[in-house]
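Read-outs throughout are calculated quantities, based only on the coordinates presented, and are distinct from any laboratory measurement. Remember, predicted model here, so these are calculated numbers, not experimental data. Positions of Cβ are generated from backbone atoms using ideal geometry, with glycine treated the same way; all protein chains shown enter the neighbour counts.
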Amino acid sequence: MKAVNAVTTTWPRLAAERPTFAAVAEAELDAVHRYLLFLTGDRSLAEDLTGETFEKAFRIWRRFDPRRGSARTWLCQIARSAALDHFRAEERRRRREERYSSDRGPTEDAPAVPGELGEALERLSPAEREIVALRVLLELDGPTAARVLGISRTACSTRLSRALKRLEELMRDARD
Amino acid sequence: MPATDTDFDREFAELVAQLREAPTAAPDTLRARVRALGEPEAPPTLRDRLALVPWRRTVLLAAPVCLAALLSVAVVRGVVSSGGGNRAATPVFGAARTTPEHMPPFPGVGVQQQDTAKTPQEGALSSGAGKGRPVHVDASMRIRVADLDALTDRTREAMQIVRSLGGYVASVQQRTSAGKPGEADLVLKVPVGHVDTALMRLSSLGTVLDQSLSSVDLQQTLDQQRRRIHNLELQIARIEQTLRDPSLTADVRLRLQFQLQAARQSLARLNGTNRTTLREAALSDVSLALTTQRAAGAATKDRQGRAGRAVHEAASFLAAAGAVALFVLIAVSPLLLIGAAWLFGSRAYRRREEQRLLAATPE
């Protein structure tokens, strides 16, 4: 039996049944983690941000409206916001600690994805990894991915194509 | 360039398969952490409820609803306002209206007000009497009543009004003959302090077709009369004192006695004039004409019918509402423009910042 809960409001259609938070968290945890893993390229950071994403989603779960989009889309938007906040904070920190910023190179942690694919992914920009994660791994359709990213559908499609092409080239180079 | 899922699945089939096979599942520690969150139990707050409101749809729905409500109010107002019967007066004669706020600056110069066909509340003229200065007020009103029965009743009512205010009816003349409109002419004397009240109450007897009012300031007239009386009294006193002198010659005494007699006659006349002036300042003249005749303008207007008046009232209401809306829009538009500029600017800035943050490619 599917677990559901209902939010009673003055709007009749909003009283529609929807899945429980626990059920959504169970179903979407891997997807959100995968997305953040690709976006950040850092496994431990992705774990932290995934936890943060679900904590925030837990706090504002009452505001989730299934009519506006799937739970996966909603969670990806929260995850993206959390990741961008992290990037901003990191940038500020780097500016403060210029010494570290000048020495800072690629992360020394193990790559998010092992092997040639992981190395190639690391050479993509976060924006390229993000679109790959949303479209290929999370299998969001074009319009939904565009909404999460805040860009047009055409831009989304172009970005995906370029990212995949570049990834393929990088892997080919790695093999050669 | 691939545009659909199928396209990139086919074009980058091997790569996509590799990506999907990559070990990216969430670790058990993270899963346990998320499971530990459980289920939110707090009831939804107002903010939660507001977040669920589909604003765009609400605005799209609210706009026509507001418009419909405005139109309904206009229609109701038009229908209600058009049902005023004969109290909805219409101008008959094209007399201009002058309504001076104060008494005239030059004593003895009167003010005149003329008005046509107004309801009692909006059309009652003010005499300016009862403000400390003696004035004489002349007013005339022509009022339409429904029929001959109403004519008799309203005539009686007018007399009662005047008497209740301490005045009296100087004359009444009522004419009712078959086939002709009934007329009643009344000359009323109303204490000047109550003339405004009297006019107000008289105007409620029917539809005011025409009214005029003139008031004359009597202050300087009275002052002049008092000065002349005082001078005459002094003159009389001086003559009387001179006449007590026994050394006066006969011819001088005779001349003084003629002067004394003339001064006394002048004083008596002046006192009489003064009393008349004071009476004029005490009572105002109101000429009231009651008629059953329908005024030409009113008849024309009435022929338009209630529907026409309703449409006119509704249109006036909508025009007023439109004017208010336009005013508000003009007043608020700078703020709206600033708000919109800020909104679009901040959105563009945020988007650029996000692009910059996500564009960095590791070396």
Fill in the blank from the handout: Amide H neighbours of B:GLN174 at under 5 Å, excluding residues fewer than 5 places away on the same chain, with H built from the backbone geometry, are B:ASP185
Completion exercise
Between the alpha carbon centres of the range A:138-170 and the range B:199-218 the gap in Å comes to 84 Å
Practice task
Quick one: which residues, 5+ away or cross-chain, put their amide H under 5 Å from the amide H of B:LEU283? H built at 1.01 Å from N.
Solution key: B:VAL192
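For A:GLY115, what charge total do you get from the other residues with a beta carbon under 12 Å from its beta carbon, if Lys and Arg give +1 and Asp and Glu give -1? The partial results should precede the final answer.
Details: positive: A:ARG175; negative: A:GLU116, A:GLU119, A:GLU122, B:GLU21.
Summing Lys and Arg as +1 and Asp and Glu as -1 gives -3.
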Practice task
Give a residue-ordered list of calculated ³J(HN,Hα) values for the range A:155-170 (Karplus: 6.51 cos²θ - 1.76 cosθ + 1.60, θ = phi - 60°; whole Hz; x for Gly, Pro).
Solution key: 4, 5, 5, 5, 4, 5, 4, 4, 5, 5, 4, 5, 4, 5, 4, 4
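Count, for each residue of B:342-353, the Cβ atoms from other chains sitting within 10 Å of its Cβ, then give me the mean as a whole number. Intermediate results must be reported in sequence, preceding the final value.
Details: counts 0, 0, 0, 0, 0, 1, 0, 0, 2, 3, 0, 4.
If you average over the peptide's residues, the count of other-chain Cβ atoms is 1.
Ranked highest first by the average count of other Cβ atoms within 10 Å around their residues, in what order do B:315-325, A:121-131 fall? Don't skip to the answer; put the middle values down first.
Numbers: B:315-325: 12.7, A:121-131: 22.4.
Ranking, from highest mean packing down: A:121-131, B:315-325.
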Exercise for the section: Estimate the FRET efficiency between B:ASN231 and B:VAL79 by the formula 1/(1 + (r/R0)^6), using the beta-carbon distance for r and 51 Å for R0, to the nearest 0.05. Expected result: 0.15
Practice task
Count, for each residue of B:12-19, the Cβ atoms from other chains sitting within 10 Å of its Cβ, then give me the mean as a whole number.
Solution key: 6
